[in-house]
Amino acid sequence: MPRSIRTGRELGFTLIELLVVLMIMGLVVGLAAAIVRPDDRGLLRVEAERLAQLLDLAAAESRLTGSPIAWTADGPGYVFWRMTADGDWSEVRDSDLLRARTLPQGMAITALQVENAPVPGVMRLQFAPYYGAAQSFTIGMSLGQASYAVAASPIGEVRIVPGAGESSDGSAQP
């Protein structure tokens, strides 16, 4: 029975084969990292949508309970407040939704305009418990080069608006 004799050259992989495998592995890891970690614009949009929904919830809760609710921001975070029976403001601690929140690293609430006028000093919104025309407001948010605004119309619609230099789909404008 003939036997084949193997030489040292036939065993193992060549350097080119190893480099090709390493390059493919690097591409796969790079793509996975890009998919898992959202970009600044995507992360900011998620936080802006969360804030819009929470502000809408605060306005609805104020109308339903008959108690004023306020929102304040200090740049890297925000807090909801409820007026007590004796007329003082107390931080909302009994609601998991309206709890105080800290924004992700590098994200900030940059501006507040109520009825198209900048709010001097502390950024504060107050939701009244009566029905009728709601306040229109715009809250600016930024992270790196990305910016979004949470805007409310006088009819109470709260929505996300792309910041300066971005289109409604979130892509950069020239």
For the chain, longest principal axis from Cα atoms; helix 40-65 axis from its Cα atoms; angle between them, nearest 10 degrees, is 30
Cβ neighbours within 10 Å, averaged per peptide: list 15-21, 146-152 in order, most packed at the top. 146-152, 15-21
In the chain, what percentage of the DSSP-assigned beta bridges are antiparallel, given to the nearest 5? 100
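Go ahead and run the numbers for FRET between Asp96 and Leu11, Cβ-Cβ distance against an R0 of 45 Å, rounding to 0.05.
It comes out at approximately 0.10.
Based on other C-beta atoms within 10 Å, arrange Ser153, Ser142 from fewest to most. Present the calculation step by step, with values, prior to reporting the outcome.
Details: Ser153 12, Ser142 18.
Fewest-to-most Cβ neighbours within 10 Å comes out as Ser153, Ser142.
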Taking amide H positions as placed 1.01 Å from N in the peptide plane, with prolines and chain starts having none, which residues 5 or more places from Leu112, or on another chain, fall under 5 Å of its amide H? Val119, Gly140
HN-Hα J couplings of the stretch 27-32 from phi, Karplus 6.51/-1.76/1.60, θ = phi - 60°, integer Hz, Gly and Pro as x? 5, 5, 5, x, 5, 4
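For Val21 and Gln53 in one chain, what is 0.36 nm times their gap in residues minus the Cα-Cα distance, to one decimal in nm? Intermediate results must be reported in sequence, preceding the final value.
On the way: separation 32, 0.36 × 32 = 11.52 nm, distance 4.72 nm.
Full-extension gain reported as 6.8 nm.
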Extent along principal axes [Cα atoms of the stretch 40-162; Å; largest to smallest]: 43, 28, 25
How large is ³J(HN,Hα) for each residue in the stretch 77-82, as worked out from phi by the Karplus curve 6.51 cos²θ - 1.76 cosθ + 1.60 (θ = phi - 60°), to whole Hz, x for Gly and Pro? x, 8, 9, 9, 10, 10
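Read the figures in this text as sums done on the coordinates, not as results from a lab. Just so it is clear, the model here is predicted, and its values are computed rather than measured. Virtual Cβ from ideal backbone geometry, glycine too; neighbours counted across all protein chains shown.
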